[in-house]
Amino acid sequence: MKTIGILQPSYIPWIGYFDQINKCDVFVLYDDVQYDKNGWRNRNKIKTANGPVWLTIPVLTKGKPDQKLCDIKIDNKYNWREKHIKTIKMAYAKAPFAEDYIPEFEQILQEDWELLIDVNLAVLNLLLAWLNINTPIHLSSRQHIEGEKSEKILRFCEKFGATNYLSGDKARDYLDTELFASKNITVNWHSYQHPTYPQRYGEFLGYLSVLDLIFNVGKKSKEIF
């Protein structure tokens, strides 16, 4: 059985994102769909002494409501790189493993990024390496597959020879499971139970960027999620 997963790319995603990738034999970043302005594509949260804080990459969307995610440009007139690194360093100054990882993360951010998808992919590949996840990653925009919702996802399954599609729970509202069954492709749902782990600043807070897990527990991160 070959399992495929398909999700939109996100900036420094949460733990469940990586659990889903880890359970797949091949993974597609769905980047040729319309950009959702208030989603997770260009932002995520970390925990600080004052509670959760957003790290957001500014993007150019004004007057361009129908842009595809793969075409979204970063608004580099803002000094977002330095802000992100400074916030992370302050928040995790005393986290046990932060010093092992932050320099490499900082190096990635400091590159001359123009497109959001490029920085998201570079950061994702770095995080996958840290977590020792070897699932091959593909961009949907490079596959030249047409179709709407269920039909397009089915075509990704067929292209990569998948017999099992691991879908996020939110797709239950629209995914045509009968269409997949007619092609002998099984649909399973990724229902993730968030773990707890040693964390700074009081009561445990979940659904943060995976950076929080990695900086706090290091190489044991994959075992935890």
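Read-outs throughout are calculated quantities, based only on the coordinates presented, and are distinct from any laboratory measurement. Computed from a prediction, not measured in an experiment: that's the story for all the values here. Methodologically, a virtual Cβ is constructed for each residue, glycine included, from the backbone with ideal geometry; neighbour enumeration extends over all protein chains shown.
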Name the residue from Trp14, Ile117, Ile137 whose Cα lies farthest towards the positive end of the charge dipole of the chain, charges +1 on Cβ of Lys and Arg and -1 on Cβ of Asp and Glu. Trp14
Note to self: C-alpha centroids of segment 187-221 and segment 61-95 sit apart, in Å, by 22
With DSSP loop assignment and no more than 14 other C-beta atoms within 10 Å, the chymotrypsin sites (Phe, Trp or Tyr not before Pro) in segment 40-92 are Tyr78
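Within 15 Å, Cβ to Cβ, of Ala98, how many net charges do the neighbouring residues add up to if Lys/Arg are +1 and Asp/Glu are -1?
For residues surrounding Ala98, the net value is +2.
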Output ordering of 17-25, 146-154, 124-132 (per-residue mean of other Cβ within 10 Å, highest first) is 17-25, 124-132, 146-154
Using θ = phi - 60° and the Karplus relation 6.51 cos²θ - 1.76 cosθ + 1.60, list the HN-Hα couplings for segment 50-65 in order, rounded to whole Hz, with x at every Gly or Pro. 9, x, x, 10, 7, 10, 10, 8, x, 10, 9, 10, 4, x, 10, x
For the chain, with a Gaussian network of springs between Cα atoms less than 10 Å apart, report the residue from Pro52, Pro13, Pro198 with the top mean-square fluctuation. Pro198
Rounded to the nearest 500, what is the chain's calculated 222 nm mean residue ellipticity when only DSSP H runs of at least 4 contribute -39500 (n - 2.57) each, over all residues? -9500 deg cm²/dmol
Shape call for the chain, from the Cα gyration tensor axes a ≥ b ≥ c (a/c under 1.5 means rounded, otherwise prolate when a/b beats b/c, else oblate), comes out oblate
Return the sequence-ordered ³J(HN,Hα) values of segment 160-165 in whole Hz as given by the Karplus equation 6.51 cos²θ - 1.76 cosθ + 1.60 applied to θ = phi - 60°, using x for Gly and Pro. 9, x, 7, 10, 9, 10
Residues meeting the amide H criterion for Trp14 (H placed from the backbone, H to H distance under 5 Å, 5 or more places apart or on another chain) are Val210
If you take the square roots of the eigenvalues of the alpha-carbon gyration tensor of segment 82-133 and sort them as a ≥ b ≥ c, do you get rounded (a/c under 1.5), prolate (a/b over b/c) or oblate? oblate
For the chain, longest principal axis from Cα atoms; helix 80-91 axis from its Cα atoms; angle between them, nearest 10 degrees, is 60
Assuming a strict under-19 Å limit between Cα atoms, what lysine pair count do you get for segment 144-225 once near-sequence pairs (fewer than 8 apart, same chain) are dropped? 6
About the Cα centre of the chain, how large is the charge dipole given +1 on each Lys and Arg Cβ and -1 on each Asp and Glu Cβ? Please answer in debye to the nearest 20. 440
Under 13 Å, Cβ to Cβ, from Ile224 - net charge with Lys/Arg +1 and Asp/Glu -1: 0
On full extension of the chain, what length is gained from Asp173 through Asn134, given 0.36 nm per residue of separation minus the C-alpha to C-alpha distance? 11.0 nm
Classify segment 4-93 as rounded, prolate or oblate from the Cα gyration tensor: take a ≥ b ≥ c as the square roots of its eigenvalues, call it rounded if a/c is under 1.5, otherwise prolate when a/b beats b/c and oblate if not. oblate
How much net charge surrounds Tyr17 when only the other residues with a Cβ under 15 Å from the Cβ of Tyr17 are counted, with Lys and Arg +1 and Asp and Glu -1? +2
